[in-house]
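The values are calculated or read from the model by the stated rules, or taken from the named source; none is laboratory data. Just so it is clear, the model here is predicted, and its values are computed rather than measured. A quick note on method: Cβ atoms are made from the backbone with ideal geometry, for glycine too, and the neighbour counts reach across all protein chains shown. Surface accessibility is based on the protein's heavy atoms, side chains included, excluding ligands, DNA and RNA. Shrake-Rupley method; radii C 1.70, N 1.55, O 1.52, S 1.80 Å.
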Amino acid sequence: TTDFLEPPYDDGSQGPYSLSTPFPFYGNVFTQLYMHTNGHISLGSSAGSFAPSLNSGPVDGKYYICVYDADVKTSYDPRAGYIYHRQTTDASILSRASIDVQTAFPASYSSFAASWVYVATWHDVSHFGSSPPRPENTFQLVLVTGGCKSFVLFNYDKIEWTKEDKAEVGMNGGDGVNYVVHPYSRTANLVNLPTWTDPAVPGPAGRWTVAAIGGGPDSCTPATPTPTPTPAPTTTPALTTTPAPTPTSNPAFYPYGLGTADTLDPPNDDGTTGPHYLSPPFPFYGKNFNQLYVNTNGYISLGSGETNITPTVPAVGSYTVSVFAADVKT
């Protein structure tokens, strides 16, 4: 697959990750999400390393989905588990997701057609404070939308630890009204999630399928994100819009700019963008990297962001490639 592999973390939060298709969620539409080591994702803005508990009801202003929100830790030596995620419009995955939704809701969504899917998988992850041989959990979160309606699939393969039965399973609509909690959430039954079957919604053992209603009827016009309010005028002069430059004709250069799928970084001074995920991983002096950062100042860094204006070479623990490292300003 084209999964992105998150680095080993303890209480880590990564993002925002831009979504290629807006995701409707309880009346709002989101174009970015955050991935959290501790078994949840948040939409729009980060909900924190641990999602707010839904024990006492919905939480206003936070939009998040807990597939197994607990004290996950993968940053042991050796590593204790892997966290993968990807978004896809692959035809085979869309077909599978469409069938899964139709099977779960045959009366309401028998003609549902998925147009985008996001898959996040926590594979053999352990918890903070564990000791070898470490207990392992494997679970997965799948977001599905057809443009108007959206669905969330919670999949469980193996649950060997519950962290004192405190793991949260559910999702929060952010409006102070809409939320849903799995009946096994924060109970001793968490270990039975892989064999649980929903008495109300058809599906395989170990799956919980929930409709995260957003937009109107199935035939509605695909939802679009709420426009960002125009900021108040400032005294900063606006940048002059100039035509895109014509790429050099130098035969040594690979194609770039106009007519390619290049991403154009915004104007910057000492700026860094990323992480940008690599598929496949890039081998570099004995290590494999699946993400990089682009620095305005004429270099890239692999694995983690480098903030020095001009990185020194050699440097222990820093993986950089300087094509022309200098004080660039665009």
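Odds and ends about this structure:
- Test: residue 42 is under 21 Å from residue 182 (Cα atoms), buried (at least 17 other Cβ atoms within 10 Å of the Cβ) and small (Gly, Ala, Ser): yes
- Selection from the range 89-139 of residues that are polar (S, T, N, Q), under 21 Å from residue 156 (Cβ atoms) and touching a Ser or Thr at 6+ places or on another chain (Cβ under 9 Å): 103, 121, 126, 137, 138
- Counted as qualifying within the range 56-132 are the strands (runs of 3 or more DSSP E) with 1 or more residues that are among the charged types (D, E, K, R), touching a residue at least 60 places away in the same chain (Cβ under 8 Å) and open to solvent by less than 70 Å² (accessible area, probe 1.4 Å), namely 64-69, 82-88.
- In this structure, residue 168 does satisfy being out of contact with any Gly (no Cβ under 7 Å at 6 or more places or on another chain), within 17 Å of residue 208 (Cα to Cα) and among the charged types (D, E, K, R).
- Residue in the range 24-39 that is surrounded by the fewest Cβ atoms within 10 Å (Cβ to Cβ), counting only those that are of a type in the set (Ser, Thr, Tyr) and modelled with pLDDT of 95 or more: 31
- Scanning the range 100-136 for residues that are under 18 Å from residue 191 (Cα atoms) and touching a Gly at 6+ places or on another chain (Cβ under 8 Å) yields 122, 123, 124, 125, 126, 136.
- When residues of the range 266-291 are limited to those that are under 17 Å from residue 330 (Cα atoms), open to solvent by 60 Å² or more (accessible area, probe 1.4 Å) and in a loop (DSSP other than H, G, I, E, B), the one modelled with the lowest pLDDT: 266
- Matching residues, the range 165-194, being modelled with pLDDT under 95 and under 16 Å from residue 71 (Cα atoms): 165, 166
- Count of the range 170-200 residues which are within 27 Å of residue 110 (Cα to Cα) and surrounded by 15 or more Cβ atoms within 10 Å (Cβ to Cβ): 13
- Qualifying residue in the range 10-18 (condition: part of a loop (DSSP other than H, G, I, E, B) and either out of contact with any helix residue (DSSP H, G or I) (no Cβ under 6 Å at 6 or more places or on another chain) or modelled with pLDDT of 95 or more (or both)): yes
- Looking across the range 136-169, the residues that are within 25 Å of residue 73 (Cβ to Cβ), outside any strand (DSSP E or B) and open to solvent by less than 30 Å² (accessible area, probe 1.4 Å) come down to 161, 162, 167.
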